[in-house]
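Novice: To start, I am sharing the structure in question, which I have written as structure tokens.
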Amino acid sequence: MRGIIVVSFLVLQSLIVFSSPSPPDFNFFYWVTYWPGAICDSQKGCCPPPKGNTASDFMIHGLWPQFNNGTWPAFCDQTNLFDISKVSDLVNKMEKKWTEWGVWSCPSNETKLWEHEWNKHGTCVQSVFDQHSYFLTNLKFRQKVNLLNILKHKGIKPDGGLYGLDEIKNAIKCAIGFAPGIECNEDVKGTKQLFQIYICLDNYAKVFVECPYVPDKSCASKIKFPKFPKKDSLGETLSVISSV
């Protein structure tokens, strides 16, 4: 009888192990946001979001799985491509917090941005997220981390002025506990400016973690925080706000 109980326990234990989901095969996430002013103030220029959202704020770029060796997986599953019907209840919020300012092409197309983010990055994290939870997690972190307020609280404002790179990183570190990565581009005069902010999360996207590496090489020791763009009177092109 005792032998039967032991065998039964071992069988049950093996079933539990077999059915347990495998851990993510990547090491951490970058959660990336961008500043629209850095796009519009560049040589390339920009175009406004199609839904007319011009709220002065950082916008979500995406949630990207990363390996500790500096590489990343991409386009992992062509059988589960982006389906907007799976995130229909999130679209209204995504149109406000995940807008496309012509980062890649004009006219802007938010649906193509969302499609790209899922197809390239989301398909590689299906051990953690389905489509709905992937986009919902991005929105939750956007609500949790108000980068513009964090920077303004430390006197760092989108006024076209120059701020220390370390000053910006330390302001964010004070708020979330870890220093972010900062990516810069250049304005039309060649001045380095704040473009994207990389915040690192664990491989389940639950908590902030120390970044194993960050893309800071594109920045100078002092960088410009460009003003936020707005539509001109014709509503077709964009100009920079004269005062913030």
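Novice: If you add up the charges near ASN203, with Lys and Arg at +1 and Asp and Glu at -1, over every other residue whose beta carbon is less than 14 angstrom from its beta carbon, what do you get?
Specialist: Local charge sum for ASN203: -2.
Novice: Further question on the same structure: Want the number for TYR213 to SER88: 0.36 nm per residue separation, take away the alpha-carbon distance, what's left?
Specialist: Numbers: separation 125, 0.36 × 125 = 45.00 nm, distance 3.49 nm.
Stretched fully, the TYR213-SER88 segment lengthens by 41.5 nm.
Novice: So, for the stretch 110-189, what is the accessible surface per residue at a probe of 1.4 Å, expressed in square angstrom?
Specialist: 44
Novice: Would you grab the residues whose amide H sits under 5 Å from the one on VAL209? Only those 5+ places off in sequence or on another chain, please, with H modelled 1.01 Å from N.
Specialist: HN-HN under 5 Å from VAL209: CYS200, LEU201, ASP202.
Novice: For LYS227, give me every one of the aspartates and glutamates with a C-alpha distance below 13 angstrom, ignoring sequence neighbours fewer than eight places off in its own chain.
Specialist: Here the aspartates and glutamates satisfying the reach criterion relative to LYS227 are ASP41, ASP57, ASP159, ASP187.
Novice: Once all Cα-Cα distances of the stretch 30-97 are split into 10 Å bins that start at 0, what whole-number percent is in each one?
Specialist: Calculated over all Cα pairs of the stretch 30-97, the distribution is 15, 35, 36, 14 percent.
Novice: Can you compute the modelled spin-label distance between THR111 and LEU162, with each label point 7 Å from Cα toward Cβ, in nm?
Specialist: Spacing of the two 7 Å Cα→Cβ label points: 4.5 nm.
Novice: For the stretch 155-180 and the stretch 57-100, compute the distance between their C-alpha centroids and round to whole Å.
Specialist: Their Cα centres are 25 Å away from one another.
Novice: Also, I was wondering about something else. Which links in LYS152/LYS217; LYS112/LYS222; LYS93/LYS217 stretch past 26 Å when you go from one Cα to the other? List each step's numbers first, then the result.
Specialist: Numbers: LYS152/LYS217 24 Å; LYS112/LYS222 34 Å; LYS93/LYS217 33 Å.
Pairs exceeding 26 Å: LYS112/LYS222; LYS93/LYS217.
Novice: Measure off, as a whole percent, the carbon and sulfur share of the 1.4 Å-probe accessible area of the stretch 65-184, all protein chains present. List each step's numbers first, then the result.
Specialist: Values: 2880 of 5710 Å².
That share works out to 50 percent.
Novice: Give the long-range amide H neighbours of CYS219: residues separated by 5 or more places, or on another chain, with amide H under 5 Å away, using H modelled in the peptide plane at 1.01 Å from N.
Specialist: CYS184
Novice: Here's a follow-up. Pop out the ³J(HN,Hα) list for the stretch 27-32 in order, Karplus 6.51 cos²θ - 1.76 cosθ + 1.60 with θ = phi - 60°, rounded to Hz; leave Gly and Pro as x.
Specialist: 9, 6, 10, 8, 9, 10
The values are calculated or read from the model by the stated rules, or taken from the named source; none is laboratory data. Predicted model, so just to flag it, every value in this text is computed and none were measured. Glycine also receives a Cβ, built like all others from the backbone with ideal geometry; neighbour counts cover every protein chain displayed. Note: areas computed on protein heavy atoms with side chains; ligands, DNA, RNA excluded. Shrake-Rupley method; radii C 1.70, N 1.55, O 1.52, S 1.80 Å.
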